[in-house]
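Here the structure comes first, spelled out in structure tokens, and everything after it is commentary.
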Amino acid sequence: MKQLIATFLFTLFLTNSLIINAQTNKSVTVVGKIVSQLKNIESANISLLKAKDSSIYKMAITNQTGDYEFMGLLPGKYFLQVQVTGFEKFTSNILELSNQTNVYTMALISLQPSNKDLGNVTVVAKKQFVEQKLDKTIINVDALASNAGATVLEILEKSPGVAVDKDGNISLKGKQGVMVLIDGRPTYLGGQDLANMLKNMPGGNLDIIEIMTNPPAKYDAAGNSGIINIKTKKSKTVGLNGSVSSNYSQGVYPKFNNSINLNYKKGKFNFFGNFGSNYNQRFQDFDIVRTFRDKNTSTILSVFEQFARSKREYNSFSYKAGADYFYNKKTTFGIVVNGFQDYRNELTNSQAFIKSSTGFLNTFNKADNSFNTNLSNIAANVNVRHIMDTLGSEITADVDYINYNASNTQFMNNYFFDAAGNTKAPEEKFKSQLPSNIHIYSAKTDYSHPLNKTSKIEAGLKFSYVETDNNALFENWNGINWEKDVVRSNQFIYKENINAAYVNYNKQLNKKWSIQTGLRLENTQARGNQITTGQKFDRNYTQLFPTVYIGLNANEKNQFSLNYGRRIDRPDYEDLNPFYNFLDKYTFQVGNPFLNPQFSHNIELSHTFGGFLTTTLNYSNTKNIIQDVIDQVDSINTTFIRKDNIAQQQNFGIAISANVPITKWWKANIYTNVFNNQFSGLVNGSYLSVSGATFTTNITNQFTIKKGFNAELSGFYRSSELGGVLISKPMGGVNIAFTKQVLKTKGTLRIGVRDVFFTQVFNGYSRFQNIDITVRAIRDSRVLNIGFTYRFGKAKPTQNRKRGGAGDEQDRVKGGAGN
């Protein structure tokens, strides 16, 4: 704890020192608006340059209404330059900012269309890695050179406030239960299968990542700790344009990923698509030591030492294709089809040494475990958007259909020897087939109506229906033929219908105060049926989920926001399946069909200073929390993991994020988070009351070098963390990368190394009741990457296309049982 406090105080001191150095003088804010032919220009790149040497001081991008803002400017002489593809370049007169002016309002900038044939012109804007907004954190993926060749999960792992554990489970500010969206639509995967999809999705297709810890009422109420929205690249230009990217990575094993993004717009039609492929070999080693103790006396009964070595091969591809039809200026129709195909092969060799309390070797077990998975997904979305009047009232509608098919096959051989190496018992062999089929139907509509210039009301309805059919067919080898294992075999059918409605009200009370409040109602009807055993359950419940946001612009330097929301986390579909997933004879996972949803109350208070420093205090209280529970059968040295509603969790913490321009050529982003988790409740029939503090930090340094060269040095550190009955030890990593703009800035060459010192190693333990387990996991994390991206096409501006959307159901699917 002393080291934790000392590290936090040092980071806080460093951050404050940089802040004081950057803010010694009174600052000025410059605001303005950019239009063309009376239409707002969105995503215009604006540069603020120093008048004395024309060097770039700051950059900004206009929002949807064409507005821009530069905050924290020192007194002096500057000028603006605006570059938007398809328009003439604009350069302002000299601006002379003084201490006498807090806010300087620029005259309206009206851009003139360019008469030149732009041909294959590419405009590349340098963005910050992290942008802190009042309601979200934005991660600009291409801003970090070390993201080249990385998968989506590896990029998330480096994002501020996001943690990924040894199994790929994602948590946000110390809380699990994250809802993951892609382009505003749910992934419909959960747990390890969500992790596997993100592991195999090339990061080259990504544009930005949005992190929302307390989303408004228009979003599904699912996600205890918030929403992560992964946005893929989209072109905003007329004609044919796009980009291609190719990366080769070398860890212990090779890895390749490639992607292509295309967009073609002509007349009333816009066609778009992307394709990504990924081939990946990796290893993962598990070392597990289990000490079996008497429940009453804690006397050691036996010691189980296990060493598992896995080699995994992934071959996958993903695709998206769609079209927009601009019927007129008010109405747009769209269709999108996307999906992926994922092939996985895994071979695990496990050795287990079962010793007596005195250390004598009783049994040596050797297990060979092969697992093959074929997971396919296809999703279709039809959407329409209609602007109803000149005030900006609009109505949108989406209809989605998603299908997952998984074929999982497992073969396991177990061999038993005594201390002398002689056969102690007959070998045991079994195989399993775990086919899974999931159908998801969703329809929603949203209506937005401005009441006046300062207020707006939104409302919407949503319907979703999910049906899953999962089968588990286990067979044992009797020495002559295969026999059905009637104990482990099962079929589980699950049906779920969620009906939702929401209303949201937004009001700018005056120049300083604003408020947004919303209420979402969700009715859930769920039915589970274990065909083999005849066990069934029916659930029907209706819940309200309020949200409140209050904003205060105290002055040009200080903005505050306070928000509250209630959220729900329903169990992943696969966690409800009462099936077995084996590592070896002595170690397995099993589903729990009697899981209930968990509910949380979340409160956040944020302060933004000077547009670059954000401090957030957060508190959440979660009841009926869903966590992994470890149990064991002492007499046969067996340990298994299952999900259960174990306890109540309280989480409170403080996070600080700062974008600091240290020098003209050196920019740093510093993120620190200290949080405390408290768990209290019944686990395996005994009362649990534990708490623990965790410190995390992400530091990114970006260096601008001459002649198109850039460099990056980044890293993260996470101290010990409490997760229910499991404690993970400190872990961190350092990345270094270089980029070079080539081919007249149309190409980017990247080279880098992730986890330079090979320190992303998981170590953890559990000491509860008679459970005494130590775990160590090592994966193929130190990787050298070489990547190249080429951008092509004509460039003329066009409007953003509408994104389709569904509910949270996709976050809870696990398409296959493999890990």
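For this structure, a couple of remarks:
- Taking every DSSP bridge with both residues inside the chain, close to 95 percent are antiparallel.
- Inter-part distance where region 423-445 and region 502-553 are each reduced to a Cα centre, Å: 32
- Degrees between helix 2-22 axis and first principal axis of the chain (Cα, 0 to 90, nearest 10): 10
- Here the extension length gained between T409 and E88 equals 109.5 nm, from 0.36 nm per residue of separation less the Cα-Cα distance.
- With R₀ fixed at 35 Å, the C-beta to C-beta distance from L301 to E427 puts the FRET efficiency at about 0.85.
- FRET efficiency estimate (nearest 0.05) - Cβ-Cβ, K58 to K329, R0 45 angstrom: 0.80
- With every protein chain in place, the chain: carbon and sulfur % of accessible area (1.4 Å): 57
- Using θ = phi - 60° and Karplus 6.51 cos²θ - 1.76 cosθ + 1.60, couplings along region 669-680 (whole Hz; Gly, Pro as x): 10, 10, 10, 10, 8, 10, 9, 10, 9, 10, 10, 8
- A cut-off of 5 Å between modelled amide H atoms, ignoring neighbours fewer than 5 places along the same chain, links Q535 with Q530.
- For region 596-611, 3J(HN,Hα) per residue [Karplus equation, 6.51 cos²θ - 1.76 cosθ + 1.60, θ = phi - 60°, Hz, x = Gly/Pro]: 10, x, 10, 10, 9, 10, 10, 10, 9, 10, 10, 10, 10, 10, x, x
- Cα shape, region 600-663, gyration tensor, a/c 1.5 rule: oblate
- Relative to the globular-protein estimate of 2.2 N^0.38 Å, the Cα radius of gyration of region 560-651 stands at 1.56.
- Shape call, region 526-588: gyration tensor on alpha carbons, a/c limit 1.5: oblate
- For L509, the amide hydrogen comes within under 5 Å of the amide hydrogens of S514, I515, counting only partners 5 or more places away or on other chains and with H modelled in the peptide plane.
- Residue-normalised accessible area of the chain, expressed per residue, 1.4 Å probe, Å²: 43
- Phi angles across region 579-585 convert, under the Karplus curve 6.51 cos²θ - 1.76 cosθ + 1.60 with θ = phi - 60°, into 3J(HN,Hα) values of 9, 9, 10, 9, 8, 7, 4 Hz, Gly and Pro given as x.
- Dividing the summed helix terms, -39500 (n - 2.57) for each DSSP H run of n ≥ 4, by the number of residues in the chain produces a 222 nm estimate of -1500 deg cm²/dmol to the nearest 500.
- The simple Förster model, with R0 at 60 Å and r as the Cβ-Cβ distance, assigns S393 and V633 a FRET efficiency of 0.45.
- Simple spin-label estimate for D469 and D538 in nanometres, 7 Å along Cα-Cβ: 2.2
- In nm, spacing of pseudo-spin labels at Q112 and V35 (7 Å Cα→C-beta vector): 1.8
- Residues whose amide H lies under 5 Å from that of S393, counting only those 5 or more places away or on a different chain, are M388; hydrogens are built 1.01 Å from N in the peptide plane.
- Net length available on complete extension from N621 to T454 is 56.7 nm, with 0.36 nm assigned per residue and the Cα-Cα distance removed.
- Residue ranges 696-707, 617-628 sort as 617-628, 696-707 when ordered by packing (mean number of other C-beta atoms within 10 Å per residue, highest first).
- Calculated volume of the Cα convex hull per residue in Å³ (choose from [x] 159; [y] 183; [z] 217), label: [x]
The values are calculated or read from the model by the stated rules, or taken from the named source; none is laboratory data. This one's a predicted model, so the numbers in the text were calculated from it and none came from an experiment. Because the Cβ atoms are built from the backbone with ideal geometry, glycine has one as well, and the counts that use them run over all protein chains shown. To get the accessible areas, we keep the full protein, side chains included, count just its heavy atoms, and leave off ligands, DNA and RNA. Shrake-Rupley method; radii C 1.70, N 1.55, O 1.52, S 1.80 Å.
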